[in-house]
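Encoded as structure tokens, the structure appears first; notes follow it.
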Amino acid sequence: MGSHWKKGEICGVDNCRSRLYTVDENDGYQYCENGHRRGNTLVIGEDEDQFNPHAKRLRKKSTDETEKTYQYFKGREAFDLYLQCYQLILRHQIWFMVHSKGLPAELENIIFDLWALRISTLKDRIDDASGDESQSQMFSSASEGETDHDGEAPRLGRRGRKVNDTPKLIDTLALCYLGTLTLRLPVTLGDLHDWVTEGDMVYIRAIKSIPVPMKERLPSAYHSSLDPNSTLKFERLHTAVLDLVVSYRRDCGAEFPPLNHPLLLYRYMKRLALPLEVYPAVTKLARLLGYTFTYRLELTNKRARITDIPEAQLISLIIVSVKLFYPFDDVRRYPSMVTEPAAAVIDWDAWKDATSKFRKTLEVPDKMKAGELMAVKEKDVFSMSGSQMDQYLDWYQRTWTDESVREQDKDSDFRTALFREFPVGPNDEQRSTSPAAISEKAIQEAETERLKVVLSKLKARAVITEEEAQDQGDIKRPGSQYKYFRKESDLPDNAKMFYEEAAKISGLSMKMLVKAVFLTEMKIQRRSDERRKEKRRREEL
């Protein structure tokens, strides 16, 4: 190529940000500094000798033509193409949920009905034929809300987004969750987060699911939207769901049913290895506090709190019930009747050992998780085994490398021959020796075994009647000396491990869960104070 570089528009091919171009002396086309060809326009008469007598006229014509020829779409066409790419990614996610996770086939219709409602709110932008894409409609590198809250709870419920806001990639996960919620399936945001984090469900590097011809016509600003550059955070996921719920209610009048809390409650109790006495306690506390496990209509008029999230309501009530019946401290509290739930005591040391064993059961020997692979640094390479190194290279090849060959590239034949001569990816022998994933059946069996171990370690607490308590003096009853935890650092060891398990299955971060439990406890305390005041007023009358 020539040695003279000229500045022009952003290349845009394969998300290339180069602005410098030069003319190839062999074919007369312009190429950026990364080797991408600029359109199909020849540049004639750029040689120093100016041997062509018509060079000036041809050069001017070529310049005009170049300015009108783009490798990517603009304006309405670009937005339409982005929506098509977006819908293709959504199809990949639905296919995974239905075919890999065994969810009902009607989930696809539900999700696409929700997507159709979302599209209807973009009618003005789709019909806009101005051909210009304003900067406010485009994405930036931080379009997915890649902000760090330093562990604090997110600013939830901002009364939804504007009607014509461009759909974000994280909204595909929110749509999938709202689809399962509509069918009242026992699927949590924690499940979606696990599927995405482990790389099973399309999200990280979702742009690789888009065909090459579509990617080449998509502006680079939209590329950044379909290519998240950080791990998915629980706060962002809940915020996306809340925003969509508010938008559907405000713009379409759509409402979503409550959680199928009986099934979810059973699932949580089994996963946390809890006695059955927790089930009725959660139900009673929900009635007392007015928790309906649904996204309330009032969210359209006020800022939401963490306790407005249905899954946060359910898991916080479970933890409060556990702290009432089976507290994490060593204080002896005696029930007055043998039928009280607190007559049994959980051995939290045995629960902790069973949980540690359960976690090890879910781990595949010598296999690195997707989150660990994403966090690998240079110094970690020296401590990897041969199998882990193969896993990392395979993951890097699947996630970051692009082996597509474009027909219009001048070196397409060379690249095709090169990939054929030096194939990448694991061979048949490596596939046969790679660590296998834990099956769902094995997980269920491990959960059941853990539950049996914990329940077999339950201890009986001595019963002290009211008459005996008067004779013995100060007897502590279940619920007395109840301890509040406002920060994660306040949690004792056993409580911290229990909170971690609860946060993982419910799709909340530890900060969010601790705050949700504390707010629920404060609500119970206020309700109890109101009852005492009411009782005192009645006695005075």
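Before moving on, here are some points about what is shown:
- When +1 charges are put on Lys and Arg Cβ atoms and -1 charges on Asp and Glu Cβ atoms, the dipole computed for the range 182-316 relative to its Cα centre reaches about 220 debye.
- Distance in nm between pseudo-label sites at T361 and Y396 (7 Å out along the Cβ direction from Cα): 3.6 nm
- With the simple model of a label 7 Å out from the Cα in the direction of the Cβ, H92 to E340 spans 5.7 nm.
- Greater than 18 Å apart at Cα, pairs in K357/K379; K367/K511; K284/K535; K323/K496; K352/K452; K101/K352: K357/K379; K367/K511; K284/K535; K101/K352
- Extended-chain gain in nm, criterion 0.36 nm per residue less alpha-carbon gap, D14 and V376: 127.8 nm
- Prolate/oblate/rounded label for the range 449-541 (Cα gyration tensor, a/c 1.5): oblate
- Separation of alpha-carbon centers, the range 315-358 and the range 197-218, rounded to whole Å: 46 Å
- With 0.36 nm allotted per residue and the present C-alpha distance subtracted, the E488-K533 stretch has 12.9 nm of extension available.
- Highest mean packing comes first when the peptides 440-449, 212-221 are listed by Cβ atoms within 10 Å, giving 212-221, 440-449.
- Residue separation of Q84 and V331 scaled by 0.36 nm, minus their Cα-Cα distance, works out to 82.8 nm of gained length.
- Packing rank of 331-340, 232-241, where each peptide gets the mean count of other beta carbons within 10 Å, highest leading: 232-241, 331-340
- Alpha-carbon centroids, the range 520-541 and the range 223-251: separation in whole Å: 40 Å
- Highest to lowest packing among 378-388, 305-315, scored as the average C-beta count within 10 Å: 305-315, 378-388
- Legend: calculated FRET efficiency, E198 to S456, from the Cβ-Cβ distance at R0 = 30 Å, rounded to 0.05, equals 0.40.
- Dividing the mean sequence gap of close Cα pairs (under 8 Å, 6+ apart) by how many residues the range 200-302 holds gives a relative contact order of 24 percent.
All of the numbers you see were taken from the coordinates with simple rules; none came from a lab. All figures in this text were calculated on a predicted structure; none of them were measured in a lab. Positions of Cβ are backbone-derived with ideal geometry, glycine not excepted, and every protein chain shown enters the neighbour counts.
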